[in-house]
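As structure tokens, the structure follows; a few thoughts come after it.
The values are calculated or read from the model by the stated rules, or taken from the named source; none is laboratory data. Note that this is a predicted model, so its numbers are computed, not measured. Note: ideal-geometry Cβ built from the backbone for every residue, glycine included; neighbour counts use all protein chains shown.
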Amino acid sequence: MKALIPTGDPAEPVVLADVPEPVPRANEALVKVEAFSANRGEMFKLEAPAPGERPGKDIAGLVVQPAADGSGPAGIARVVGHPMAGGWAEFAAVPADALAVLPDTVSALQGAALPLAGLTALRLLRTAGPVLGRRLLVTGASGGVGHFVTELAAAAGAEVTAVTRDAVRGARLTELGAAAIVHDPADARGRYDIVLESTGGETLPVVLARLAKRGTLVWFGQASRTPATLDFFDFFDGPESAVIRHFHYLDADTGLGDDLAALVRLTAEGRLHPEIGRVADWADTATVLTDLRDRRIRGKAVLTLS
């Protein structure tokens, strides 16, 4: 079968190649991939790929071989899946508990845009706790996670301020429920009960200073790829007794399949809108990854298999 494999070359990070078709384990289904999405984290890993590693965590397609142990979707089914690797291929072996059935009202493009960003957003808000009536600040809001967080939090009753670098991206976040848009974290008018921070570097201490007393900052990324430095004494100037919490989306009490099903249901009901900024044939994946790295794509990038 054909699959995208890493090259280690930033100018062309992946190429199509012939690889063996995956042999599913007993708890895995074989999925014929129709579409997949790319994430910035995957793109960074392609800079120094591990030997034999193949990328791909967000897919949508058709189960052509159900799991041998009887778990997961039975028979032929349209699904969204979240394998840990190997999804950028014609076929992928996916754990049955990392699959959710797609109804006819949710397209493969929408499904492929859901897993990593949607799971991260859903679980971030659970980590943050109740948001009804609370002021929430989210950095890096123009990416896939930011769009999902904004829509979910606003629908749950939060007053959301989104940090994004330009007006066009901000306009869409306003449509999804953001109460305020700022283009520089320093312009955010705190105090905020909750800060969801994904930029790192110089941004983290700036948004920490806008946290309310006993507020919570959830640190879920470092898109700037620059270490952050915090001064303990800064806490006494505002966010006294604040909590800083590290977050990883796989550390959760619910299963991937259950949360994927919840994201699919919300999408089918018109309560969640995957923001797809680019759709392209998978032959153009290298170009799309470069544009994603250089922030020329708003929301998610989805690749289709011709």
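Worth pointing out:
- Listed by position, the helices (runs of 4 or more DSSP H) contained in the range 132-245 that have at least 3 residues being within 22 Å of LEU292 (Cβ to Cβ) are 144-155, 167-175.
- Test: residue in the range 82-94 that is within 17 Å of the chain's Cα centre (by Cα) and part of a helix (DSSP H, G or I): no
- Count of residues meeting criterion [outside any helix (DSSP H, G or I) and either touching a Gly at 6+ places or on another chain (Cβ under 8 Å) or surrounded by 18 or more Cβ atoms within 10 Å (Cβ to Cβ) (or both)] in the range 119-131: 1
- Residue under evaluation LEU230, criteria (1) modelled with pLDDT under 90; (2) aliphatic (A, V, I, L, M); (3) not assigned by TED's automatic domain parsing to the domain that holds GLY143, criterion not met: (3)
- Pairs meeting the criteria (first residue in the range 104-128 and of a type in the set (D, E, K, R), second residue part of a helix (DSSP H, G or I), beta carbons under 8 Å, at least 6 apart or on different chains) are ARG123/ASP259.
- Selected residue (only one of ALA60, ALA26, ALA67 is part of a loop (DSSP other than H, G, I, E, B), of a type in the set (Gly, Ala, Ser) and crowded, with 23+ Cβ neighbours inside 10 Å): ALA67
- In summary, ASP258 fulfils each of the numbered conditions (1) part of a helix (DSSP H, G or I); (2) assigned by TED's automatic domain parsing to the domain that holds ALA121 with the single exception of condition (2).
- Top-ranked residue in the range 29-46 [being in a strand (DSSP E or B), more than 15 Å from ALA93 (Cβ to Cβ) and small (Gly, Ala, Ser); ranked as modelled with the lowest pLDDT]: ALA38
- Sub-7 Å Cβ pairs linking a first residue in the range 243-254 that is loosely packed, with under 11 Cβ neighbours inside 10 Å to a second residue that is among the aromatic types (Phe, Trp, Tyr) and part of a strand (DSSP E or B), at least 6 apart or interchain, are HIS246/TRP219, ordered by first then second residue.
- For the range 80-105, a residue qualifies if it is among the β-branched types (Val, Ile, Thr) and buried (at least 21 other Cβ atoms within 10 Å of the Cβ), and the qualifying residues are VAL80, VAL94.
- So THR174, is it among the β-branched types (Val, Ile, Thr), farther than 20 Å from GLY41 by Cβ and buried (at least 23 other Cβ atoms within 10 Å of the Cβ): no
- The numbered conditions (1) more than 23 Å from ASN39 (Cα to Cα); (2) modelled with pLDDT under 95 are all true for ALA180 except (2).
- Unique residue being assigned to a loop (DSSP other than H, G, I, E, B) and either modelled with pLDDT of 95 or more or under 24 Å from LEU272 (Cβ atoms) (or both) when the list is PRO103, PRO49: PRO103
- Considering only residues in the range 211-226 that are of a type outside the set (Val, Ile, Thr) and at pLDDT below 90, the one that is nearest to HIS82 (Cα to Cα) turns out to be GLY221.
- Pairing each residue of the range 31-42 that is of a type in the set (Phe, Trp, Tyr) with any residue that is assigned to a strand (DSSP E or B) and surrounded by 22 or more Cβ atoms within 10 Å (Cβ to Cβ), provided the two are 6+ apart or on different chains, yields C-beta distances under 8 Å for PHE36/ASP58; PHE36/ILE59; PHE36/ALA60; PHE36/VAL302; PHE36/LEU303.
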